[in-house]
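Engineer: Encoded as structure tokens, here's the structure I'll be asking about.
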Amino acid sequence: SRPAGGIRGTLSTSHRAGTMLSLAVAMEVSSVTTWAQLDQGWVPLDEGTIAGAAEQVLRGALPHVDFTYPYSGALPFYHAIALRLFGVTLMASRYALFAAFLLWLPAVWWLARRACGNHWAALITIVAAWWSVTVYSAAMPSWYLLFLATWIVVAVERWHTTGRRRWLVVAGVAAGTAIIIKQTGLYLLAGALLGMLFCEQMQQSFGCDGTRVHATDRRTNAFVIAALAAMGVAVVVLLRARAGSLGDFLEL
């Protein structure tokens, strides 16, 4: 008979192989099918806004200083790098989007695997990929916010499970990056903070005092409430700066 340790080792190796196979299948099918559709669907207004801003930055101009730009202003710098790498072509920004898309897939797969296991994780990731960039392949800021929002969910879940503050840093960096890409990244920050508050309340309700989150830091609630209040003040200031018309208020 085989020793128990050997059986556990075999099962562990098999499970690890299945996990890596699930991720590999999800990444390969999603990336190949998305790449095949990357040059489809062109809207002149969107393409002109994206490529024109990137080309201006490539020439040394700054968004909101040297030219008008409808979003926060960080994305043209990333797309300008793509122009330098791939040449001044409308496809350059789509290549940059595809790179971000590839970094997003492991987050989707990991969340799906946590909920459904290896086999379903691959299928769910592929379906999510088909219902994302392939629908409209322009490198719009909203796609980047989707990618960052998914990683924020991963980071908050990891913080909730492990109690390690490094995951809060990951969530904060992702939320900050979203805000400098597009103004509505504020929604991601609000979602992360409310998610943290919800995790704290759930742990208190069920009496999970053994978790490291409560054992090491009981000030999270106060921090989250203060951060939400500060964001509310920032929204009020933003509305006043934009004249506070009803249309602007509804848009925000």
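Values in this text are rule-based calculations from the coordinates and carry no lab data. What you see is a predicted model; the values in this text were computed from it and never measured. Neighbour counts run over all protein chains shown; Cβ positions are idealised from the backbone, glycine included.
Engineer: Pull out the extension gain between Val32 and Glu47, defined as 0.36 nm times the separation in residues minus the alpha carbon to alpha carbon distance; nm, one decimal.
Structural biologist: Numbers: separation 15, 0.36 × 15 = 5.40 nm, distance 2.31 nm.
My answer for the length gained is 3.1 nm.
Engineer: Say each of Gln183 and Met231 gets a label point 7 Å from the Cα, pointing the same way as Cα to Cβ; how far apart are those two points in nm?
Structural biologist: Going by the 7 Å Cα→Cβ label model, 1.7 nm.
Engineer: Then there's this: Please give me the summed charge of the neighbours of Tyr136: other residues whose Cβ is under 14 Å from its Cβ, Lys and Arg +1, Asp and Glu -1. Walk me through the numbers on the way to the answer.
Structural biologist: On the way: positive: Arg94; negative: Asp39, Asp46, Glu47.
Around Tyr136, the charge tally is -2.
Engineer: What shape does the stretch 5-81 take by its C-alpha gyration tensor, where a ≥ b ≥ c are the square roots of the eigenvalues and a/c under 1.5 counts as rounded, a/b above b/c as prolate, and the rest as oblate?
Structural biologist: Details: a/c = 5.41, a/b = 2.71, b/c = 2.00.
Cα axes put the stretch 5-81 in the prolate bin.
Engineer: Let me ask something else about it. Students often check this: by mean Cβ neighbours within 10 Å, which of 149-156, 176-183, 113-120 ranks highest, and how do the rest follow?
Structural biologist: On the way: 149-156: 21.2, 176-183: 19.0, 113-120: 14.0.
Order by mean packing, descending: 149-156, 176-183, 113-120.
Engineer: For Lys182, which sequence-distant residues (separation of 5 or more, or a different chain) have an amide H within less than 5 Å of its own amide H, given hydrogens modelled in the peptide plane?
Structural biologist: Residues meeting the amide H criterion: Ser72.
Engineer: Want the number for Arg114 to Phe198: 0.36 nm per residue separation, take away the alpha-carbon distance, what's left?
Structural biologist: 28.3 nm
Engineer: Let me ask another. Could you give the length gained on full extension between Met20 and Trp130, defined as 0.36 nm per residue of separation minus the Cα-Cα distance, in nm?
Structural biologist: On the way: separation 110, 0.36 × 110 = 39.60 nm, distance 2.11 nm.
Roughly 37.5 nm would be gained on extension.
Engineer: Output ³J(HN,Hα) for the stretch 60-75: one whole-Hz value per residue in order, computed from phi by the Karplus curve 6.51 cos²θ - 1.76 cosθ + 1.60 with θ = phi - 60°, and x for Gly and Pro.
Structural biologist: x, 7, 10, x, 6, 10, 9, 7, 7, 9, x, 10, 4, x, 7, 4
Engineer: Using a 10 Å cut-off on Cβ atoms, rank the peptides 12-21, 78-87, 125-134 from the highest mean neighbour count down.
Structural biologist: By packing density, highest mean first, the sequence is 125-134, 78-87, 12-21.
Engineer: A follow-up question, please. I need the shape label for the stretch 120-160. Rule: rounded when a/c is under 1.5, else prolate if a/b > b/c, else oblate, with a, b, c from the alpha carbon gyration tensor. Present the calculation step by step, with values, prior to reporting the outcome.
Structural biologist: Values: a/c = 5.24, a/b = 1.31, b/c = 4.01.
Cα axes put the stretch 120-160 in the oblate bin.
Engineer: If packing is taken as the average number of other Cβ atoms within 10 Å across a peptide's residues, how do 30-39, 93-102 rank, most packed first? Intermediate values should be presented prior to the final figure.
Structural biologist: Working: 30-39: 15.2, 93-102: 20.3.
Packing order, densest peptide first, comes out as 93-102, 30-39.
Engineer: Using a Förster distance of 22 Å, how high is the FRET efficiency between Glu55 and Leu238, based on the Cβ-Cβ distance and rounded to 0.05?
Structural biologist: The computed FRET efficiency comes out at 0.15.
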